[in-house]
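Taking it in order: structure first as structure tokens, then the write-up.
Bear in mind these aren't lab numbers, they're just calculated from the coordinates by the rules spelled out. Quick caveat, the model's predicted, so the values are computed rather than measured. No Cβ is skipped: glycine too gets one built from the backbone with ideal geometry, and neighbour counts run over all protein chains shown.
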Amino acid sequence: MRDEDAKALLQEFLDQGAAAILASDADEFFKRVSFPHILITEDSEAVYHSATELRPQFFSVSRALRGNGVTDYLRIVASAVFEDENTILGDWVTHVIRHSHRLIPPYPARARIHCKDGLWKVSHAVYGIKFPPIADCFPVVADRPHLRDLNLMD
Amino acid sequence: MSTAAELYQTWLDRMAEAIWWREWDVVSGAMIYPHKMETKDGEIAFHNPDDMVEAATDFREYLGRIGANAYLRVCNSADFADEMQTIRGVHTTYILRGGSYLVPPFSNQMTLTHVDGLWLGAGIRAAVSNHLCSILSPNQLRRKQLAEGHDIIKEG
């Protein structure tokens, strides 16, 4: 199990998720999320127990992207490792762009994904942002994002 | 003080926007001349801003033709050299449409030179074939080949 393989798998996972978010395709997106799902930002931490609980967040992000004319939502893997043969922990940087213009500064993120029955799903996600003060707006990118470690005990 | 990577990324972002919005004066004014652009299978030298404008125009048309709706370049690494008058960096180019890669992302090596307070592009080498991504202007390549053929004939 090479780190390069982990990076490639995580990149493919993120690309598929980004396409689903841009297309507001919740069914496609939630195929890749496991529950309970832990979502951590710079100023919050929440546990979601079902897709029903997380759907409002998904559609809020999707509406924010579409409402601001985002043409692409690119998440580029920086590093990834296999924690075991069915678990990958990785970091990436998110770029939110309209054509060639950045709508918000790039921000870091981290996640743990697990493979079960041949399908990778995210169980923990950490974002270097604060939730927007108003629904359907872009998140606020932290000045100096500090991603929380995801220990195996989490 | 900005890091080499920050300066490099700022330059990449500004140029990507200028190419997208066809701000040819911005593009041609951000380079030094002569200037060389290379791919895996070819190279073109630009002797003046007009050459650069023609190349950038052809590249922008190529982006439109393949249906791109975003063009992004992201710095992977960059370092100062020559007493901080040069930045040598590596970046990845993304040509996208709705979350999909229209061209597989490819790596580039680029040099910036500090001239009169401005960072100017001083040459780029893209690790991609021009058949896969039309970075080099087909019109300029054709003229170059014709000119080289002329030289051969003259030499013969």
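From the residues in segment B:110-135 that are in a strand (DSSP E or B) and either within 14 Å of chain A (Cβ to nearest Cβ) or within 10 Å of the chain's Cα centre (by Cα) (or both), which one is surrounded by the most Cβ atoms within 10 Å (Cβ to Cβ)? Applying the filter and picking the extreme gives B:Met110. When the test is whether a residue is closer than 30 Å to B:Trp21 by Cβ and surrounded by 19 or more Cβ atoms within 10 Å (Cβ to Cβ), A:Trp120 does not pass it. For segment A:40-67, residues that are in contact with a strand residue (DSSP E or B) (Cβ under 6 Å, 6 or more places away or on another chain), surrounded by 14 or more Cβ atoms within 10 Å (Cβ to Cβ) and touching a residue at least 60 places away in the same chain (Cβ under 8 Å) total 3.
Considering the conditions (1) more than 14 Å from chain B (Cβ to nearest Cβ); (2) under 18 Å from A:Ala8 (Cα atoms); (3) of a type in the set (Val, Ile, Thr), A:Ile76 is excluded by exactly one of them, (1).
For segment B:8-51, enumerate the residues that are of a type in the set (S, T, N, Q), surrounded by 14 or more Cβ atoms within 10 Å (Cβ to Cβ) and within 14 Å of chain A (Cβ to nearest Cβ). Of everything in segment B:8-51, just one residue is of a type in the set (S, T, N, Q), surrounded by 14 or more Cβ atoms within 10 Å (Cβ to Cβ) and within 14 Å of chain A (Cβ to nearest Cβ), namely B:Gln9.
Conditions tested, residue by residue: (1) within 23 Å of A:Lys116 (Cβ to Cβ); (2) in contact with a His (Cβ under 8 Å, 6 or more places away or on another chain); (3) of a type in the set (A, V, I, L, M, F, W, C).
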{"site": "A:Ala18", "(1), (2), (3)": "yes, no, yes"}
{"site": "A:Lys31", "(1), (2), (3)": "yes, no, no"}
{"site": "A:Phe35", "(1), (2), (3)": "yes, yes, yes"}
{"site": "A:Ile40", "(1), (2), (3)": "yes, yes, yes"}
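Of the strands (runs of 3 or more DSSP E) contained entirely in segment A:13-92, those carrying at least 3 residues that are touching a Ser or Thr at 6+ places or on another chain (Cβ under 7 Å) fall at A:33-40.
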